[in-house]
Amino acid sequence: MTDLNGMNCAQFADVAAELALGVLTGRERAEALAHLDHCDACREHVRQLTATGEGLVGLLPAKEPPPGFESRVMERLGLETPALRVAHHHRRTARRSGGTTRPFGKMSSGTRRILAAAAVVTALAGGVAGGWGLNAATSTSTSAQPALSTATLLSAGRENVGEVFIYNGDPRWMYMTVDMDSGNGTVTCQLISTDGRVTTVGSFRLANGYGSWGSPSWVGDGTPVGARLVSANGTVLASASFPAAAAS
Amino acid sequence: MGSTAESLPDETLLAGLGAGDADLAIAFVRRFQRVVFGVALAVTRDPITAEDVAQQAFEQAWRHAQVYDSRRGTVRAWLTTIAHNLAIDVLRARTSAPVDPAELPALLTAITDTPERLAVARDSAAGLRRALTQLPATQARAVAMAGIYGMTARQIAVTEGIPLGTAKTRIRDGMLKLRAAFLPEDVGDD
């Protein structure tokens, strides 16, 4: 394939590695990017080289950062756990400039509770890498939190194939886990509001039937009453219904 | 959440970081701080600069947690790329050479013969490491200079005292061999 500016696939191949590593500059870079606009094969070639470059960086040896690193990161983010707050109370003085950090504030226990529920699920999964085993027991851990709702994902055959966690507080939060017998590819998570409107909130990839996905700020009008998992071709793989009281 | 948070998947901790949950955020930092600092230190070769880069990396992860896409790679790879890009930016802002050529052998040794990493290596990483050791030294140096230190072919040519075309060829040939080892199932007919 030859681009309007003259760069063909062979010429592109000569600079693909440099492009993938982010070291191609100037006109060559512009021409290479123009070529990529309409050449799927070369785009895939660069994707592979980019992944290889990331793998190369991933070989760099891990090193222990200086003592106190994690607390300095947390302070930079305006986030501190109670333990860190106690440990560093005496050190937090004028060193901290008021306008440079972005205080976020700790979230309510709701988010933590959702993730605690997710952790329960993880524990029940027995350490299955990349996926989540699911168990109805998770729903009991959330009964005292009205803003939190969990629902079991049921397949068309009414089999338990996953779980959905929704936190309808401030900020909103959702997490979906899937554990099907098989399946690879992209699936989409959709929420269903009380008026029946379906909102797509995100997608993720299943690997051998396993997958999980979360969004710290799902968007949707109204109160979700259900969720569903949809395949790339639009087939509804599974659906879930939230308890009305918990979802409100 | 304490030890519970530490058992959560990377994606969950990242989402918790993005949502501003302090417990999940610190679990995230603890899980990845050695990796992030290691990348920053390897590239900048200065502990103070490396800490600043590492802190920036976690801040970027916090700000952009919502755009992380698991389809494009692991959280670890995503975060490592953030740290690496930030470290490269620091190098490029310096007036001095990105790397002393005399330091390259030590770097290549570090990334090809690290017992801890070998012990936990995935197959693809182990394959990549092996392939790196099997590259001609000139190609390995060119790949390291471009891939680790973000040096352009022109900078490599000057540093190595070789023609620009030779530097570009070394980068290309070296990376193609590494790709064949890292992604053997994806390698086609080129």
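Per-structure values
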| item | result |
| --- | --- |
| Residue-averaged [θ]222 nm for chain B, counting only DSSP H segments that reach four residues, each worth -39500 (n - 2.57) | -23000 deg cm²/dmol |
| Shielding score for B:47-60, defined as the mean number of other chain Cβ atoms within 10 Å | 3 |
| Ascending count of other beta-carbon atoms within 10 Å, so fewest first, for B:Lys168, A:Lys63 | A:Lys63, B:Lys168 |
| Per-pair calculated FRET efficiency, R0 = 41 Å: A:Asn8 and A:Asn233 via Cβ, rounded to 0.05 | 0.70 |
| Surface/4 of the Cα convex hull for region B:98-185, nm² | 5.5 nm² |
| Bins of 5 Å from zero: percent of alpha-carbon pairs in region A:9-58 | 5, 23, 35, 23, 10, 4, 0 |
| Cβ crowding within 10 Å averaged over residues, with B:24-35, A:229-240, A:42-53, A:193-204 ranked highest first | B:24-35, A:42-53, A:229-240, A:193-204 |
| Exercise: per-residue mean of other protein chain Cβ atoms within 10 Å, A:175-185 | 1 |
| Net length gained if the chain between A:Ser155 and A:Ala207 were fully extended (0.36 nm per residue, minus Cα distance) | 17.0 nm |
| Residues B:Trp78, A:Trp173, sorted so that the one with the fewest Cβ neighbours within 10 Å comes first | B:Trp78, A:Trp173 |
| Rounded to 10°, Cα long-axis angle of helix B:75-93 versus longest principal axis of chain B | 60 degrees |
| Where N is the number of residues in chain B, Cα Rg divided by 2.2 N^0.38 Å | 1.11 |
| Amide proton proximity set for A:Gly22, modelled H, under 5 Å, gap of 5+ | none |
| Peptide A:201-212, shielding by other chains (average Cβ, 10 Å cutoff) | 2 |
| Packing rank of B:11-23, B:131-143, B:171-183, where each peptide gets the mean count of other beta carbons within 10 Å, highest leading | B:11-23, B:171-183, B:131-143 |
| Ranked A:Leu77, B:Leu91, B:Leu164, criterion: other C-beta atoms within 10 Å, fewest first | B:Leu164, B:Leu91, A:Leu77 |
| Most to least packed among A:22-34, B:56-68 [average Cβ atoms within 10 Å] | B:56-68, A:22-34 |
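Quick note: the coordinates plus some simple rules give every number you see, no bench work behind them. Every value quoted in this text rests on a predicted model; they were computed, and no experiment measured them. Here Cβ is always computed from backbone atoms with ideal geometry, including for glycine, and neighbour counts include all displayed protein chains.
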